[in-house]
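Novice: Pasting a structure here, questions to come.
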């Protein structure tokens with residue numbers, strides 16, 4: 001998952017979480033405040049109840065209390081009104097059938113225990129109400145005159161709890177107001193959240209754009225474009241990172257150039273040494289061959305069979321050394337010679353190679369199949385000829401006793417590459433040797449064949465110099481397919 005997607009998910013989920021929390025807390029706060037205001041309004045409307053009601057509580061007379069409750073019902077618009085004694089027994093109720101009952105529910109217990117007015121939200125008569133409870137006291141002042149008060153004053157001398165007055169005030173309008181406020185809060189959060197989220201996404205895209213430039217820069221370096229630079233668009237941390245990246249890239253380019261020059265110098269020195277040694281060894285080898293041949297022609301009659309055998313071994317080894325020297329010289333020439341690339345008809349080049357070895361292939365009974373649609377491209381024709389000659393002759397060497405030997409040659413363009421292959425149905429190559437066979441003088445041990453083990457090294461060097469790739473796909477006993485791939489921009 002991309003970083004941009006992760007940040008987007010984080011921002012959206014965080015925004016929704018915060019918005020939900022704000023809506024929840026706001027709803028609770030608004031609900032509490034509106035309930036409190038509704039309860040206060042009910043308390044204010046009942047504050048002026050007639051003092052004669054105290055006698056109703058004292059005598060527990062429903063006839064005295066009920067008119068006061070009915071008046072409170074009309075004055076406050078309450079759903080119900082009731083008077084309770086200190087034990088929760090109903091002294092009077094606007095629903096007269098409730099009179100005489102003892103309430104033990106939690107709301108009643110809290111109301112008769114509290115010395116202060118209170119309120120509680122509950123369901124009554126299929127609607128939501130705020131139940132307001134008011135303690136009723138008998139207060140004796142210094143004048144010994146009793147009054148019915150809902151709230152005590154500083155002049156109180158003696159108080160007696162007579163009971164509790166409870167009113168069920170409807171809050172339908174309050175809930176409607178609460179709903180409208182909540183909807184407004186939600187819309188405000190939607191608008192502000194959308195603006196904040198949009199601003200965050202805009203800022204995030206700007207930051208990620210600069211990160212993407214750094215990613216592209218590292219990708220270019222990984223592809224070998226040492227010295228690739230990225231724009232430093234600001235002086236913040238990302239700008240400092242971009243400057244550091246550019247400095248690193250420039251240092252890497254200089255180090256790479258230095259190493260390339262060192263490798264080039266060492267390679268040239270090594271090729272020069274190989275060329276010099278090979279060239280200098282060729283003359284004594286030729287002399288050795290000549291003298292051994294003269295001995296065999298003019299003095300073979302004076303030698304016994306053992307002497308002839310040794311002399312033949314000298315000639316054979318001298319010939320093998322000459323082949324090795326010729327191959328080493330060919331290998332060293334690849335790095336030293338620089339022929340201009342030119343358009344090459346690959347099929348024509350392959351046909352010339354096949355004509356050169358046709359007698360040998362016919363003797364082995366090898367069927368040669370060449371793809372008629374081989375791609376054309378620009379390359380060094382001499383090196384291309386040498387490449388196919390080594391691959392084709394290598395395939396022919398390892399046919400062993402195959403009853404129907406076959407070599408197939410093909411190629412195609414694939415995207416940014418030009419690819420060729422040489423496929424045979426010979427003895428195959430164990431995967432253990434897939435890398436080793438491209439090294440100088442490395443040969444398969446399973447079968448004795450002619451050659452020095454330099455041919456595939458020549459192929460690899462030609463491909464490496466063109467920044468291409470060569471590899472083999474094979475299993476022992478199942479034939480082998482050699483692939484060579486060249487980048488189009490190089491060829």
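A short reminder: the numbers here are calculations on the coordinates, not readings from a lab. Here the structure is a predicted model, which means the values were calculated and not measured. FYI the Cβ positions are ideal-geometry reconstructions off the backbone, even for glycines, and counts take in every protein chain you see.
Novice: Working out 0.36 nm times the residue gap between residue 160 and residue 201, then minus their Cα-Cα distance, what length gain in nm do you get to one decimal?
Specialist: 8.0 nm
Novice: Same structure again: Compute the long axis of helix 381-397 from its Cα atoms, compare it with the longest principal axis of the Cα atoms of the chain, and write down the angle in degrees, 0 to 90, nearest 10.
Specialist: 80
Novice: Additional query: I want to check the label-to-label distance for residue 120 and residue 412. Put each point 7 Å from Cα in the C-beta direction and report it in nm to one decimal.
Specialist: Between residue 120 and residue 412, the label points sit 8.4 nm apart.
Novice: Given points 7 Å out from each Cα along the Cα-Cβ axis, report the residue 297 to residue 313 separation in nanometres with one decimal.
Specialist: Between residue 297 and residue 313, the label points sit 2.5 nm apart.
Novice: In what sequence do 376, 93 fall when counting other Cβ within 10 Å, fewest first?
Specialist: Ascending Cβ contact count within 10 Å gives the list 376, 93.
Novice: Which angle from 0 to 90°, rounded to the nearest 10, does the C-alpha axis of helix 305-336 make with the longest principal axis of the chain?
Specialist: That helix lies at roughly 50 degrees to the long axis.
Novice: To the nearest 0.05, how large is the calculated FRET efficiency for residue 37 and residue 194 if R₀ is 35 Å and r is the Cβ-Cβ distance?
Specialist: Result of the calculation: an efficiency of 0.60.
Novice: Cα axis of helix 346-356 to longest principal axis of the chain: angle in degrees, 0 to 90, nearest 10?
Specialist: On a 0 to 90 degree scale, this one is about 30.
Novice: Using a 10 Å cut-off around each Cβ, can you sort 358, 223 from fewest to most neighbouring Cβ atoms?
Specialist: Taking fewest neighbouring Cβ atoms as first place, the list is 223, 358.
Novice: Starting from the Cα-Cα distance between residue 367 and residue 6, subtract it from 0.36 nm times their residue separation and give me the gain in nm to one decimal.
Specialist: Gain on stretching residue 367 to residue 6: 124.0 nm.
Novice: While we're on this one: Among 383-389, 247-253, 55-61, how do they line up by average Cβ neighbours within 10 Å per residue, starting with the highest?
Specialist: Per-residue mean Cβ counts within 10 Å order the peptides as 383-389, 55-61, 247-253.
Novice: Now, a different point. For the residues 131, 401, what sequence is obtained by ranking on other C-beta atoms within 10 Å, fewest first?
Specialist: Placing the least packed residue first, the sequence is 401, 131.
Novice: Calculate the FRET efficiency for residue 351 and residue 17 from the Cβ-Cβ distance with a Förster distance of 60 Å, rounded to the nearest 0.05.
Specialist: Result of the calculation: an efficiency of 0.20.
Novice: Report the FRET efficiency, 1/(1 + (r/R0)^6), for residue 287 and residue 255, where r is their Cβ-Cβ distance and R0 is 30 Å, rounded to 0.05.
Specialist: E(calc), rounded to 0.05, equals 0.05.
Novice: Now for a separate question. Bin by bin, in steps of 10 Å, what percent of the Cα pairs in the chain do you find, going until the bin that has the longest distance?
Specialist: 3, 12, 13, 11, 8, 7, 6, 5, 5, 6, 7, 7, 5, 3, 1, 1, 0
Novice: Each label point is 7 Å from the Cα along the Cα-to-Cβ direction; what then is the distance between the points at residue 233 and residue 102, in nm?
Specialist: 8.0
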